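I have placed the structure first, in the form of structure tokens, so that the comments after it can refer back to it.
The values are calculated or read from the model by the stated rules, or taken from the named source; none is laboratory data. Here the structure is a predicted model, which is why all the values come from computation and not from measurement. In case anyone asks, the SASA skips ligands and DNA or RNA and just uses the protein heavy atoms, side chains included. Shrake-Rupley method; radii C 1.70, N 1.55, O 1.52, S 1.80 Å.
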Amino acid sequence: VGAVAGALVVIGFVETAIFAVVDEGLGRPAAFLGVLEVFQGAGAIAGGVLAGRTLRRLGDGTLAGAGLVIFAVGDTLLVSDRLPVVMTGFTIAGFGLPWVVVGFVTALQRRTPVHLQGRVTATAAMTYTIPQTFSIALGAVLVSVVVMGVATAACGLYLLTRRTFTQPVPAAAPAPADG
């Protein structure tokens, strides 16, 4: 629960940052996210099909951990401004998600006495939902700060690289006295 909650603290950033990836990185309208979600869905179907078999071979904790790593690899590809790379990132991230969910839920069920499963599941859900919610809001702030910082630096660099703006202006001659 702690590991999944810890991951969700930062995974929530992606839920906000993805709009910057689509708009700024790919130069597409926000609605294009729907197209990219198809790739995440395809990855999730493939990951889901393999989750049960992999769970039996690796165990619940290893499956959830591997899913988090796979998801992280996919999300790392989202920094690209190339559509095929971003589509691949969505597919890989989608593949990892069912492994996290299947491993996590299986661990809760196997490691919790039957009479406590309802309470443990509710507590676990609260433990990972609250951090993720806050990280979505923090992600929006961070995206705003990063965009502001990049835009401001770009404007400053523009001025610094233009010869007409970097040359000292000669002192003006004193105005003649009227009179």
- Ignoring ligands, DNA and RNA, how do D81, D75, D23, D60 rank by accessible area with a 1.4 Å probe, largest first? D81, D23, D75, D60
- What are the residues whose amide H is under 5 Å from the amide H of R28, where those residues sit 5 or more places off or on another chain and H is modelled from the backbone? D23
- Message: In Å², and per residue, what accessible area does the chain have when probed at 1.4 Å with the other protein chains present?
- Response: 62
- How large, in percent, is the carbon and sulfur part of the accessible surface of the chain at a probe radius of 1.4 Å? 71
- Query: Binning every alpha carbon pair distance of the chain at 5 Å from zero, what are the percents per bin?
  - Reply: 1, 8, 12, 14, 15, 12, 9, 6, 5, 3, 3, 2, 2, 2, 2, 1, 1, 1, 0, 0, 0
